[in-house]
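A.B. asks: Before I ask anything, here is the structure I am working with.
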Amino acid sequence: MNKKVVLAYSGGLDTTYCAIYLSKELGLEVHAVMVQTGGFSNEELKQIENRAAKLNIASFSVVDVTTDFYQNCIRYLVYGNVLKNNTYPLSVSAERMFQAIAVAEYVKKIGASYVAHGSTGAGNDQVRFDLIFQSSIPDVKILTPIRDMSLSREQEITFLKENGVEMDFTKAQYSINKGLWGTSVGGKETLTSDQFLPENAWPTQVTASESQDITLHFERGELKGINYTAEANTIAAIQKLQALAQPYGIGRDIHVGDTIIGIKGRVGFEAAAPLIIIKAHHLLEKHTLTKWQLYWKDQLSTWYGNWLHEGMMLEPAMRNMEKFMEDTQQNVTGAVHVTLMPYRFVVTGVKTEHDLMSSKFGSYGEKNNSWSGDDVKGFAKIFGNQVSIYHKVNNKEVSQ
């Protein structure tokens, strides 16, 4: 075995600790890999690189998987309107899979004997990373210093200070993960059951106060433009919407859920664009899909979101569900109108040539153009025939 270790690096408290510990305490040759999933600007990546250069590591690399992340994951989360526990757009759980896959590929590229991540022993990420590494690079030893030594954040901070690391340890009270599909915020208040994150804990401060009407343009379920202007691609459209909506404080919430390891946990998140896109897309689907398309897609989407959340991205059944969801999007094309306001948004309506609510077939509660009153009488009699027989046979009195 050689002494090369590839570290899944973010530049935060945990991975900074790992970089120094693996090098200084274990004597390994540390190759830090930052996986870009669309959440960092070039300036931010440069700052992370500069911090990494001060850690006396062998190398630092940035691997950009943003396009792959969108094409092979995010668009399916949109097709499925996936919100874990009706709240969380899987901002971190989704991107962790692609970060782990990219790190595993880098391990193969440089022929490292070890791979490391900064997960603790109390969260979901440890399982997600381990599952990918076990499947993709089974002969490579996995190192997890923080998990193995059960370190607290205070112990990590003390160790870093003793080793001359200079960073904003006030911000280190929160664990922040940025990606194309949202930013998660964990620590302090999220460790309780009754406290909400304070204003200064959110990465983006609220600066917009006047309401704003925008229009989102979807083609086959994918966001392609905003306000009648086509974007270069869907990734650019997501980023533009994020820039428009984030200053309103839209998309802030705390998700409470069951972890893979069986305990409940809370995590704050800031995901303006994902929440708006999912709600807008869902309304467009209500107008363009049949009730059975909506029903079966809801069933599969719940499974898909759960499996992704629990690290099963490589499970073959995920590909089967993706094919079904993509097939349902053939007519999900049109414009969706949204109003942005401080801390909230309203999806106000849609315009699409595939609208199944077309007035030429009738107006709900007003008139119909496709059947007569006698047609409905006969339908109701046949549709309820078995229920009527059941009550007659069993002498059941129907309560009023």
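The values are calculated or read from the model by the stated rules, or taken from the named source; none is laboratory data. Keep in mind that this is a model prediction, so the values were computed, not measured. Reconstructed Cβ throughout: ideal geometry from the backbone, glycine too, with neighbour counts over all protein chains shown. Just the protein is used for accessible areas: all its heavy atoms, side chains included, with ligands, DNA and RNA removed. Shrake-Rupley method; radii C 1.70, N 1.55, O 1.52, S 1.80 Å.
A.B. asks: Take the alpha carbon gyration tensor of the range 288-345, find the square roots of its eigenvalues, order them as a ≥ b ≥ c, and report rounded if a/c is under 1.5; if not, report prolate when a/b exceeds b/c, else oblate.
C.D. replies: Oblate shape, in that a/c is at least 1.5 and b/c is the bigger or equal ratio.
A.B. asks: Same structure again: Ordering 14, 298 by how much accessible area each has at a 1.4 Å probe, largest first, what is the list?
C.D. replies: 298, 14
A.B. asks: Residue 343 accessible area, nearest 10 Å², 1.4 Å probe?
C.D. replies: About 130 Å², rounded to the nearest 10.
A.B. asks: Could you tell me what fraction of 2.2 N^0.38 Å the Cα radius of gyration of the chain comes to, as a two-decimal ratio? All intermediate terms of the calculation are to be shown ahead of the outcome.
C.D. replies: Numbers: Rg = 25.0 Å, N = 400, 2.2 N^0.38 = 21.4 Å.
My calculation over the Cα atoms of the chain gives 1.17.
A.B. asks: Each label point is 7 Å from the Cα along the Cα-to-Cβ direction; what then is the distance between the points at residue 208 and residue 46, in nm?
C.D. replies: Inter-label distance under the simple model: 2.7 nm.
A.B. asks: At 1.4 Å probe size, with no ligands or nucleic acids counted, give the accessible surface of residue 371 in Å², nearest ten.
C.D. replies: Only protein atoms counted, so the area is about 130 Å².
A.B. asks: Based on the alpha-carbon gyration tensor of the range 187-261 and its eigenvalue square roots a ≥ b ≥ c, which shape applies: rounded if a/c is under 1.5, prolate if not and a/b is larger than b/c, or oblate?
C.D. replies: oblate
A.B. asks: For the range 195-334, with every protein chain kept in place, what is the accessible area per residue (1.4 Å probe, Å²)?
C.D. replies: Per residue, the range 195-334 has 47 Å² of solvent-accessible surface.
A.B. asks: Pairs 46/323; 24/188; 297/351: which are spaced more than 32 Å apart, C-alpha to C-alpha?
C.D. replies: Details: 46/323 38 Å; 24/188 30 Å; 297/351 22 Å.
Long pairs (Cα-Cα over 32 Å): 46/323.
A.B. asks: Report Rg (one decimal) and Dmax (nearest whole number) for the range 274-400, counting Cα atoms only, units Å.
C.D. replies: 20.7, 59
A.B. asks: Could you work out the helix-only [θ] at 222 nm for the chain, with each DSSP H run of four or more residues adding -39,500 (n - 2.57) and the total divided by the number of residues, to the nearest 500 deg cm²/dmol? Mind showing how you got there, number by number?
C.D. replies: Details: 14 runs with 156 residues, N = 400.
Computed ellipticity for the chain at 222 nm equals -12000 deg cm²/dmol.
A.B. asks: Kindly write out, for the range 229-234 in residue order, the coupling ³J(HN,Hα) from the Karplus curve 6.51 cos²θ - 1.76 cosθ + 1.60 (θ = phi - 60°), rounded to whole Hz, with x marking Gly and Pro.
C.D. replies: Each residue's phi maps through the Karplus curve to give 10, 6, 9, 4, 6, 5 Hz.
A.B. asks: Ok, one more. Hey, in the GNM for the chain with a 10 angstrom Cα cutoff, which one of 104, 208, 273 fluctuates hardest?
C.D. replies: Most flexible of the set in this elastic network: 208.
A.B. asks: So who's got an amide H within less than 5 Å of the one on residue 250, skipping anything under 5 residues away but keeping other chains? H placed 1.01 Å off N, in plane.
C.D. replies: Sorted by chain and number, the residues that satisfy this are 343.
A.B. asks: Counting DSSP beta bridges with both partners in the chain, what percentage is antiparallel, nearest 5?
C.D. replies: For the chain, the DSSP antiparallel bridge percentage is about 70.
A.B. asks: How big is the dipole moment of the chain about its Cα centre under a simple scheme where the beta carbon of each Lys and Arg is +1, that of each Asp and Glu is -1, and everything else is neutral? Debye, nearest 20, please.
C.D. replies: Value, rounded to 20: 600 debye.
A.B. asks: Tally Lys and Arg at +1 and Asp and Glu at -1 over the other residues with C-beta under 14 Å from the C-beta of residue 179: what net charge comes out?
C.D. replies: -3
A.B. asks: Could you list log10 I(q)/I(0) for the range 51-182 at q = 0.09 Å⁻¹, which the Debye formula gives when each Cα is one point scatterer?
C.D. replies: -0.33
A.B. asks: Okay, next question. Output ³J(HN,Hα) for the range 176-184: one whole-Hz value per residue in order, computed from phi by the Karplus curve 6.51 cos²θ - 1.76 cosθ + 1.60 with θ = phi - 60°, and x for Gly and Pro.
C.D. replies: Per residue, the Karplus-derived 3J(HN,Hα) values read 10, 10, 10, x, 4, 9, x, 10, 9 Hz.
A.B. asks: Check which residues have an amide H placed less than 5 Å from residue 84's amide H, if you skip close sequence neighbours.
C.D. replies: Those lying under 5 Å, H to H, from residue 84 are 90.
A.B. asks: Also: Which loop-located trypsin sites (Lys or Arg not before Pro) does the range 52-132 contain, where loop means any DSSP state but H, G, I, E or B and the Cβ has at most 14 other Cβ atoms within 10 Å? Please list the in-between numbers first.
C.D. replies: On the way: sites: 54, 75, 84, 96, 108, 109, 128; in loops: 54.
Loop-located and lightly packed - 54.
A.B. asks: Another question about this same structure. Given a 1.4 Å probe and heavy atoms of the protein chains only, how would you sort 326, 156, largest accessible area at the top?
C.D. replies: Greatest to least solvent exposure: 326, 156.
A.B. asks: Find the accessible area per residue for the range 23-121; the probe is 1.4 Å, ligands and nucleic acids are left out, and the unit is Å².
C.D. replies: Accessible area per residue: 39 Å².
A.B. asks: Considering only protein heavy atoms, what is the solvent-accessible area of residue 211 at a probe of 1.4 Å, reported in Å² to the nearest 10?
C.D. replies: 80
A.B. asks: Can you list the aspartates and glutamates whose alpha carbon sits under 19 Å from that of residue 161, skipping same-chain ones fewer than 8 residues off?
C.D. replies: Reachable aspartates and glutamates: 14, 25.
A.B. asks: Could you tell me the ratio Rg/Rh of the range 92-250? Both radii from Cα atoms, Rh via Kirkwood.
C.D. replies: On the way: Rg = 19.9 Å, Rh = 19.1 Å.
Radius of gyration over Kirkwood radius for the range 92-250 works out to 1.04.
A.B. asks: So, one more: So for 301, 372, 135, what's the accessible-area order with a 1.4 Å probe, most first?
C.D. replies: Working: 301 5, 372 50, 135 85 Å².
These residues rank, largest area first, as 135, 372, 301.
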